[in-house]
Amino acid sequence: MKDQILRGTRIFLLDLDGTVYLGEKPIGGMISTLGALRAMGKKLVYLTNNSSKTEAEYREKLARIGLLDERDGVYTSGMAAAETLNARYRGARVYLVGTEALRGEFRAAGIVLDDERPDVCVLAYDTELTFSKIRRLDYFLRKGVPFLATHPDDVCPTPDGSMPDVGSFLAMFERSSRRRPDLVIGKPYTAMGEGLARRYGVPAGEMCMVGDRMHTDIRFANNNGMRSILVLSGETTAESMKRFPDRPDLVLGDFNEILS
């Protein structure tokens, strides 16, 4: 199966923490592994659900720890949300609950932000969240404004432990407004897969998702018709993976084993 994946994959979609690095440190010989894959003509795209940071911020970190090549792509759920808005709600005014950095990324994508009379609301991972933002989004949701979320993760891992993420915010808004999102963009859903197909022009069957989470990374591959590699260098263990209905095409101790 390893040889089949290497031969048949044009784009490797790489989750970040727990997959290619831990904190600020590449996992094992990851720098060499990724270099060898590039030399084989493989495209590498770093794929993350974290919508609190921009593409530029991720590129800076990946370059700092030696994992970024100028040929590599970076694709966040925030970027996918902006592209989805342009594809499905072109010209719509958007109320965005997100960081100032993400607001700048949305504006750069040509999206008009409107905090007063929006046509669509988007909830991202807002590490600058205030009660004023919560109250305003709740008001628009109760008015029936279409509602998108960048991703469904309940928590975001940090070196100091998990922090509440968009999934936790969604639980709050469901209680207050009785609304669930009309569309969730990021892993494991299909909108992010559609965005990748638009961006790179490569069929899903020629992409391989590599990640350490069964319910986001591997389920994303399964939902989008991609190949998948589960790595045991992060959250999931050989025992805990048995609790999920999703099945990876290949399980590796870490991604460096793809070339061994």
Taking the stretch 41-55 and the residues there that are more than 17 Å from GLU194 (Cα to Cα) and of a type in the set (S, T, N, Q), the one that is surrounded by the most Cβ atoms within 10 Å (Cβ to Cβ) would be SER51
Tell me, which residue of the stretch 1-40 that is in contact with an Asp or Glu (Cβ under 8 Å, 6 or more places away or on another chain) and under 12 Å from ASP72 (Cα atoms) is surrounded by the most Cβ atoms within 10 Å (Cβ to Cβ)?
LEU34
Confirm whether GLY66 is touching a helix residue (DSSP H, G or I) at 6+ places or on another chain (Cβ under 6 Å), of a type in the set (Gly, Ala, Ser), under 26 Å from ILE11 (Cα atoms) and in contact (Cβ under 8 Å) with a residue 12 or more places away in the chain.
yes
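Each row is one residue, and each column tells you yes or no for (1) surrounded by fewer than 24 Cβ atoms within 10 Å (Cβ to Cβ); (2) within 20 Å of GLY186 (Cβ to Cβ).
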| site | (1), (2) |
| --- | --- |
| GLY98 | no, yes |
| ARG103 | yes, yes |
| ALA109 | yes, yes |
| ASP114 | yes, no |
| ASP119 | yes, no |
| ALA124 | no, yes |
| LEU129 | yes, yes |
| SER132 | yes, no |
| ARG135 | yes, no |
Given the structure, is ARG71 assigned by TED's automatic domain parsing to the domain that holds GLY234 and over 17 Å from the mean Cα position of the chain (by Cα)?
no
Quick one: THR237 ticks every box in (1) among the hydroxyl-bearing types (Ser, Thr, Tyr); (2) in the same structural domain as ARG10 (by TED's automatic domain parsing); (3) over 21 Å from THR84 (Cβ atoms); (4) surrounded by 17 or more Cβ atoms within 10 Å (Cβ to Cβ) except a single one, so which number is it?
(4)
Check ALA63 against each of (1) at pLDDT 95 or above; (2) surrounded by 13 or more Cβ atoms within 10 Å (Cβ to Cβ); (3) in contact with a strand residue (DSSP E or B) (Cβ under 8 Å, 6 or more places away or on another chain) and name the one condition it does not meet.
(3)
Among the numbered criteria (1) crowded, with 21+ Cβ neighbours inside 10 Å; (2) in contact (Cβ under 8 Å) with a residue 60 or more places away in the chain, which single criterion is violated by LEU259?
(1)
What single numbered condition from (1) modelled with pLDDT of 95 or more; (2) under 19 Å from the mean Cα position of the chain (by Cα) fails to hold for LEU22?
(1)
Report yes if some residue within the stretch 183-190 is β-branched (Val, Ile, Thr), under 30 Å from LEU6 (Cβ atoms) and in contact with a His (Cβ under 9 Å, 6 or more places away or on another chain); otherwise report no.
yes
If I ask for residues that are part of a loop (DSSP other than H, G, I, E, B) and charged (D, E, K, R), which ones from the stretch 119-143 would you list?
ASP119, ASP126, GLU128, LYS143
Report those helices (runs of 4 or more DSSP H) wholly inside the stretch 144-233 carrying at least 3 residues which are surrounded by fewer than 23 Cβ atoms within 10 Å (Cβ to Cβ) and touching a strand residue (DSSP E or B) at 6+ places or on another chain (Cβ under 8 Å).
166-177, 190-200
Any residue at all in the stretch 5-13 that is of a type outside the set (S, T, N, Q), in contact (Cβ under 8 Å) with a residue 40 or more places away in the chain and within 26 Å of THR158 (Cβ to Cβ)?
yes
Qualifying positions in the stretch 162-219 - among the polar types (S, T, N, Q), assigned by TED's automatic domain parsing to the domain that holds VAL251 and more than 14 Å from the chain's Cα centre (by Cα)
none
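The values are calculated or read from the model by the stated rules, or taken from the named source; none is laboratory data. Values in this document were obtained by computation on a predicted structure and should not be read as measured data. Every residue, glycine as well, gets a Cβ built from its backbone with ideal geometry; the counts of neighbours run over all protein chains shown.
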